[in-house]
Amino acid sequence: MVAVDEYSKTVISVAKSVTPHVASVRLENGSGSAVVFENGRLLTNAHVVANARRGTATFADGSDASFEVVGVDPLSDLAVLSARGEIPPPATLGNADNLEVGQLVVAVGNPLGLNGSVTAGVVSALGRALPVRQGKAGRVIEDVIQTDAALNPGNSGGALADSDGRVVGINTAVAGFGLGLAVPVNVTTMRIVQTLIADGRVRRAYLGLVSMPAPLPDEVAERTGQKAGLRVVEVVTGSPAHKAGLHSGDLVLTVGRKQVSDAQGIQKQLFADAIGAELPVTVLRGGAMVDVFATPTELSVR
């Protein structure tokens, strides 16, 4: 018998514990994956659901269950499904806020229609932002996890798990060769999920910034007591951030007078009560601190 190394043992263990909770989902206009996260409920991507209202989930044991779409939130690329009849118990959820770059992660999904496929890799980066479009509206999925675990069409909506088999992300997109992205499972995500269950949608304020964490210059860090901010990589044309005068290259220090060092720091402030309210943003630009005032709009899903 060939000895199994520790890395392989870990991946095998995660695959065995997570795969039963991941379904292949078929809808009117497409297919993907979904993860059982509560009794009778599954979590998947908004782009997997699109405009569909119902579909069928098939699990690793071959069992099927019909489901209805409870709610969709394009800004986080999350959707909640409610299954009819018995389905496997929920997967164990983790907290993506505890992830570290270089950490082992395992992706479980149904790429190219191949049920229960498993790939492994590492967390390549954290705090990424993904610009996407729906019709004429541009938006940004914030705080995504970047991994080199192989992801292919059909993986979307599947599980990204840590070495203990805890689901820490929902795989969302393939951005390029060797580059996979996942929506983090954390406190902010679960607030979105519970709102979808209660209301069927999330009223979200929208700024239109693509950003990534960046350290502050030593003199600024000493003056503010803040070690890192958010470097603006892109400003979506026509967005509230664009109209406020934010630019690519700006280093965001505070939003709403609260220090931010990752995309979640902004996302936490962009729920319904921020729509139409003036939001002060302090940035470092050309060595000087500049205050701009943006007025978030409500995300349009049309």
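Below are the figures for this structure:
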item: Test: residue in segment 273-294 that is in a helix (DSSP H, G or I), farther than 25 Å from L99 by Cβ and open to solvent by 40 Å² or more (accessible area, probe 1.4 Å); result: yes
item: So A198, is it assigned to a strand (DSSP E or B), under 30 Å from L81 (Cα atoms) and small (G, A, S); result: no
item: Failed item in (1) at pLDDT 90 or above; (2) open to solvent by 80 Å² or more (accessible area, probe 1.4 Å), with R203 passing the rest; result: (1)
item: Filtered residues of segment 48-60 (kept if open to solvent by 10 Å² or more (accessible area, probe 1.4 Å) and outside any loop (DSSP other than H, G, I, E, B)); result: V48, R54, G55, T56, T58
item: Failed item, numbered, when P213 is tested on (1) touching a Leu at 6+ places or on another chain (Cβ under 7 Å); (2) part of a helix (DSSP H, G or I); result: (2)
item: Residues that are under 22 Å from the mean Cα position of the chain (by Cα) and either modelled with pLDDT under 90 or basic (K, R) (or both), drawn from segment 237-266; result: S261, D262, A263, Q264, G265, I266
item: Flag for T10 being open to solvent by less than 50 Å² (accessible area, probe 1.4 Å) and in contact with an Asp or Glu (Cβ under 8 Å, 6 or more places away or on another chain); result: no
item: Lone qualifier among V252, V220 - being farther than 19 Å from L75 by Cα, assigned to a helix (DSSP H, G or I) and open to solvent by less than 20 Å² (accessible area, probe 1.4 Å); result: V220
item: Condition check for V80: touching a helix residue (DSSP H, G or I) at 6+ places or on another chain (Cβ under 6 Å) and within 25 Å of R128 (Cβ to Cβ); result: yes
item: Residue match in segment 270-291 (condition: under 26 Å from K227 (Cα atoms), modelled with pLDDT under 85 and not aromatic (F, W, Y)); result: yes
item: Qualifying residue in segment 172-186 (condition: touching a Pro at 6+ places or on another chain (Cβ under 8 Å), among the small types (G, A, S), under 23 Å from E38 (Cα atoms) and buried (at least 18 other Cβ atoms within 10 Å of the Cβ)); result: no
item: All positions within segment 49-89 that are modelled with pLDDT of 95 or more and aromatic (F, W, Y); result: F67
item: Residues of segment 26-47 that turn out to be outside any loop (DSSP other than H, G, I, E, B) and surrounded by 24 or more Cβ atoms within 10 Å (Cβ to Cβ), as a count; result: 9
item: Residue count for segment 141-168, restricted to those that are modelled with pLDDT of 90 or more, within 22 Å of S8 (Cβ to Cβ) and buried (at least 24 other Cβ atoms within 10 Å of the Cβ); result: 7
item: Cβ-Cβ under 7 Å pairs, at least 6 apart or on other chains, segment 85-109 side free of Cβ contacts under 8 Å to residues at least 24 places away in the same chain, far side in a helix (DSSP H, G or I) and surrounded by fewer than 20 Cβ atoms within 10 Å (Cβ to Cβ); result: none
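Let's see how each residue does on (1) in contact (Cβ under 8 Å) with a residue 60 or more places away in the chain; (2) β-branched (V, I, T); (3) over 13 Å from S211 (Cβ atoms):
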residue	(1), (2), (3)
V252	no, yes, no
D262	yes, no, no
G276	no, no, yes
P280	no, no, yes
V283	no, yes, no
G286	no, no, yes
D291	no, no, yes
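Yes/no matrix, rows are residues, columns are (1) in contact with a helix residue (DSSP H, G or I) (Cβ under 7 Å, 6 or more places away or on another chain); (2) over 30 Å from L81 (Cα atoms); (3) open to solvent by 20 Å² or more (accessible area, probe 1.4 Å):
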| residue | (1), (2), (3) |
| --- | --- |
| I192 | no, no, no |
| L207 | yes, no, no |
| V236 | yes, yes, no |
| A244 | no, yes, yes |
| S261 | no, yes, yes |
| I266 | no, no, no |
| P296 | yes, no, no |
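The values are calculated or read from the model by the stated rules, or taken from the named source; none is laboratory data. This structure is a prediction, so every number in the text was calculated from the model and none was measured. Neighbour counts run over all protein chains shown; Cβ positions are idealised from the backbone, glycine included. Heads up: the accessible areas ignore ligands, DNA and RNA and are worked out on the full protein's heavy atoms, side chains in. Shrake-Rupley method; radii C 1.70, N 1.55, O 1.52, S 1.80 Å.
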